[in-house]
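**Q** Have a look at the structure that comes next, please.
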Amino acid sequence: MTTLNTSIRDAWSDRITSTLRPEDPEWVVSAKREAAELIRSKGLPTRRDEDWRYTDPAPLLEADWRVGVDGPTPPPTEEDIRAFTYWDASAVRVVFLNGRYVPELSVHRTRTDGLSVVPLSEVMAGKHPSVESLVAQQLTADRPAMDLLATGGARDGLVLRLEDGVEVEGPIHVLCLTDASGDDAYIPLFHVFELGGASRLTLVERYANLASSPRSFTNSATDILLGPGACLDHYTLEREAERAIHLGARHVRQEDRSEFRQTTFTIGASLARHDTEVLCDGDETTTSLGALFLGEGTQHIDHRILVHHRGDQSRSEQLFKGILDEGSTGVFNGRVVVDEGTHGNDAQQSNHNLLLSDDATVNTRPQLEIYADDVSCSHGATVGQLDPDSLFYLRTRGIPRGQAESLLTYAFASDVVDRIRIDFIRERVQEFLSTRMEFGNTSEMTQ
Amino acid sequence: MSSDTDHIEKVTSQDYEWGFVTDIEQEKLEPGLNEGVIRFISAKKGEPKPLLEWRLAAFEAWKTMEEPDWAKVGYPAIDYQSISYYAAPKNDDDRPKSLDEVDPELLETYEKLGIPLHERAALAGVAVDAVFDSVSVATTYKGKLEEMGIIFCSLSEAVREHPDLVLKYLGSVVPVRDNFFAALNSAVFSDGSFVYIPKGVRCPMELSTYFRINAADTGQFERTLIVADEGAHVSYLEGCTAPKRDENQLHAAVVELVALKDATIKYSTVQNWYPGDKDGKGGIFNFVTKRGLCKGDRSKISWTQVETGSAITWKYPSCVLKGDDSVGEFYSVALTNNHQQADTGTKMVHLGRNTRSTIVSKGISAGFAQNTYRGLVRIGKGARGARNHSQCDSLLMGSTCGAHTFPYIEVKNRHSEVEHEATTSRISEDQLFYLRQRGIKEEDAVNMIVNGFCKEVFRELPMEFAVEAQKLLEVSLEGAVG
């Protein structure tokens, strides 16, 4: 067992060092070497780790993943990605294919002063000295081993910096696509967003497959730094193909009065896991996390959340909803920590799950860890099926059973859907939900 | 499995290779734990061979196990070889002769708790012949129970007189390999209580260790086994509100409950072991494994606990709901003050159809204490129609204490409903203001609010216990207010 783990650990360490290039500047070389070394010394998670209790990391770590896969030839055109972009009203669209920036498909529609959006690959090549120190600092930040595999291995991602007081009109759209030739592609990505004081931004991260794809493993890490009074409305839409594995980690640090809103939709991948760690470092911060996940087949969808209150008078809320059909499994592992000596923090956490099949499973762990008395914290979790009384009520009104069921399921999901402030996306998600609920799992999500 | 048995046989049949001589006359064993110690304990108690084998198997298992470290408690490493695993019950010569010889601080607490004078002597460990009332009371009760076929005696006595019954159920709910402390207990358990309620019998009184004559000094590795046969009903009280001093720092008890078809077992605990001083020095480490098996259909097991003592509490009274329509309940008040640490909660494992469970947990944390609720609700695939509701509230008093809630909910069945709610807050300023405005002193106001907070649990306690428990909270919270 131990030796097996050691060899896997070494393999991952080697995968990270294999992404080094001779022309890399010193700070990139040292960061990657450090990550590789940490993997060797720290080791990788196992099911014995509380954070991985309900999601076994062994199968995804043991597979023989390949780094640096080739994309399709010829490269995709605007037409090929139309399914994801035709709605696009974004100010900036940045496209990555198999973990590499695609300049031909990326668009800067509106130029905003004080906004810089550059690919990590260019930063690593020394083309953007102004953000180098930011990236170098985040690359060496302390993080769990699984995220180190993403940050250490990544050659690309989005580096975004917003100056103080700048508001960006329209969302920024980050489209991460997979279309690898052959099985077992490992696709690491590292995004860094830094928002200056009192700036505002809406950002959509989207993960999808371009064509029906072989087995792949997308591992993305996103670091978000919010300055005083900054406001970020962040969406993650994950719909990778059936055999894909998706790990997405977000590390957020909030300064005074900043606001972080995050809404995650998970529909795809055989194994999808979203890790969100929010450090409420300042006073009077607002954090609002919401997620909707839909499982079918043998899908396994896991959300791990940590909201850490270190300042005073901050508010955080979590609303996570799962609808699990067939043999799928949903996991919610949410934790709120309120530090000693803090005052007036308010943290609410809720997780509700709907089981639609006898083979579906839900494991939920809402946790509160409170070291201060001047707090107001609560959590709630429920697991169940559609309320028979509500169903009966609708049927007495002449609504057929099937329709009544989809109506109630839709209603269950609606408060997460209503969080979406981008009209077009909200409407599309609503449309997707109503079709999926009516016709089972045959519908396609078009956006 | 068979190789296991072979091994056990080999181990049990061979002579102790280091030439340990079993000296039955010895009153206290030297510190240390080995096979010889276990053979000694077993021989001392005149146990049948299967029980010795069972103990030795547990010891073998224990040696391969690691001490758990997942609980949110911190304590210095325990040296299991520095503990003496057997001491004969104190004889009357060692006990205080009268209340005058008892620690005045202890007597003061009795006074505050309102414990009747004649009971104080018994509680303080004054020699039994100096205590008048309780003995005669206990003897009268014992006769009445025997008439109804109820067995209520010490486990050692039960092993000698009803070996088949004991061996049938011992370890059937908490297997020897269950966890580190349960394995240790299985190997070296000192004594405890055994209760058997025959078919269809409703025990006419609350059974309490207090009324069992030989209950004194059951030792640090207590083991309790309660079996309620079909349709039987029993309410059992463990511990008492009076503070209990003990020289043994480590306590690892095991309690097993078995409820057959239509049986009901109600188990109430008030735990008030020595919690250590204000600076967190000393105090008991209380690592307890308690589990009930609702074996038959429509059976019910209800745990009620008031935990105010011990420096460290590690305790999860659980219910395995195997029979269809069986019911599990857990009502708990856990109070930690000064430097106490408690990691306590329950497990509700739903296996049968239409099984129901209720969890009500109230945690109060003051001073520098850490109070953790840790609970598991598992709904198995076959548990159609299962239902659980959990409510965990924590009250914080002071800015240096902590309250934590770690529920685990695992549902594998859509025809079931699980709800979990938890809140953490301090005493509401509004409530306090309202009471003070009515002329109630701050300390009294806080006590009223705390008692109100725990009401749901106290309601489940037998009457006389409930009254004492309220006072106990007040005494335990002394110094935490203001």
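Rule-based calculations on the coordinates, nothing more; no lab input. This one's a predicted model, so the numbers in the text were calculated from it and none came from an experiment. FYI the Cβ positions are ideal-geometry reconstructions off the backbone, even for glycines, and counts take in every protein chain you see.
**Q** What does the average come to when, for each residue of peptide B:386-399, you count the partner chain Cβ atoms lying within 10 Å of its Cβ?
**A** 2
**Q** Would you mind computing the Rg to Rh ratio of chain A from its alpha-carbon coordinates, Kirkwood style for Rh?
**A** With Rh from the inverse mean 1/r over Cα pairs, Rg/Rh is 0.95.
**Q** Right, next: Highest mean first, how do A:300-308, A:50-58 rank when packing is the count of other Cβ atoms within 10 Å averaged over residues?
**A** A:300-308, A:50-58
**Q** Now, a different point. Mind ordering A:235-243, B:164-172 by average Cβ neighbours within 10 Å, highest first?
**A** Averaged packing, sorted descending, gives the order A:235-243, B:164-172.
**Q** How big is the antiparallel share of DSSP beta bridges in region A:1-282, given as a percent to the nearest 5?
**A** Once the DSSP bridges in region A:1-282 are tallied, antiparallel ones form about 10 percent.
**Q** In terms of the ratio Rg/(2.2 N^0.38 Å) built on C-alpha atoms, what value belongs to region A:97-225?
**A** Against the compact-globule rule of thumb, the ratio is 1.07.
**Q** For residue A:113 and residue A:438, what does the FRET efficiency come to when R0 = 41 Å and r is the distance between their Cβ atoms, rounded to the nearest 0.05?
**A** The computed FRET efficiency comes out at 0.30.
**Q** Counting other Cβ atoms within 10 Å, which GluC sites (Glu not before Pro) in region A:161-219 have at most 14 and lie in a DSSP loop?
**A** Sparse-neighbourhood loop GluC sites (Glu not before Pro): A:169.
**Q** Compute the relative contact order of chain A as a whole-number percentage, counting only Cα pairs closer than 8 Å that sit 6 or more residues apart in sequence.
**A** Dividing the mean separation by the residue count of chain A yields 9 percent.
**Q** Can you work out D for the protein assembly as shown in µm² s⁻¹ from Stokes-Einstein, where Rh is the Kirkwood radius over C-alpha pairs, the temperature is 4 °C and the viscosity is 1.567 mPa s?
**A** D = 42 µm²/s.
**Q** If you count, for every residue in B:425-431, the Cβ atoms of partner chains within 10 Å of its Cβ, what is the mean?
**A** Per residue, the average neighbour count from other chains is 2.
**Q** Quote the relative contact order of region B:236-369 in percent (integer), defining contacts as alpha-carbon pairs under 8 Å separated by 6+ residues.
**A** About 22 percent, as a whole number.
**Q** Let me ask another. Along region B:177-188, what does the Karplus equation 6.51 cos²θ - 1.76 cosθ + 1.60 (θ = phi - 60°) give for ³J(HN,Hα), rounded to whole Hz, x for Gly and Pro?
**A** Going residue by residue, I get 8, 3, 7, 3, 6, 5, 5, 4, 4, 4, 6, 10 Hz, with x marking Gly and Pro.
**Q** For a quick protection proxy, order the peptides B:377-390, B:149-162 by their average other-Cβ count within 10 Å, most packed first.
**A** In decreasing order of mean packing, B:377-390, B:149-162 become B:377-390, B:149-162.
**Q** Here's a follow-up. Please state the relative contact order of region A:342-382 as a whole percent: Cα pairs under 8 Å, 6+ residues apart?
**A** 60 percent
**Q** Sticking with this structure for a sec: As a test of the formula, what do you get for chain A when each DSSP H run with n ≥ 4 contributes -39,500 (n - 2.57) and the sum is divided by the residue count, at 222 nm and rounded to the nearest 500 deg cm²/dmol?
**A** About -7500 deg cm²/dmol.
**Q** If you count, for every residue in A:352-365, the Cβ atoms of partner chains within 10 Å of its Cβ, what is the mean?
**A** Mean partner shielding for this stretch: 5.
**Q** With labels modelled as points extended 7 Å from the Cα through the Cβ direction, what inter-label distance (nm, one decimal) is found for residue A:401 paired with residue A:426?
**A** Spacing of the two 7 Å Cα→Cβ label points: 3.5 nm.
**Q** Could you tell me whether region B:326-415 comes out rounded, prolate or oblate from its Cα gyration tensor? Rule is a ≥ b ≥ c as square roots of the eigenvalues, rounded for a/c under 1.5, then prolate if a/b exceeds b/c, otherwise oblate.
**A** Prolate.
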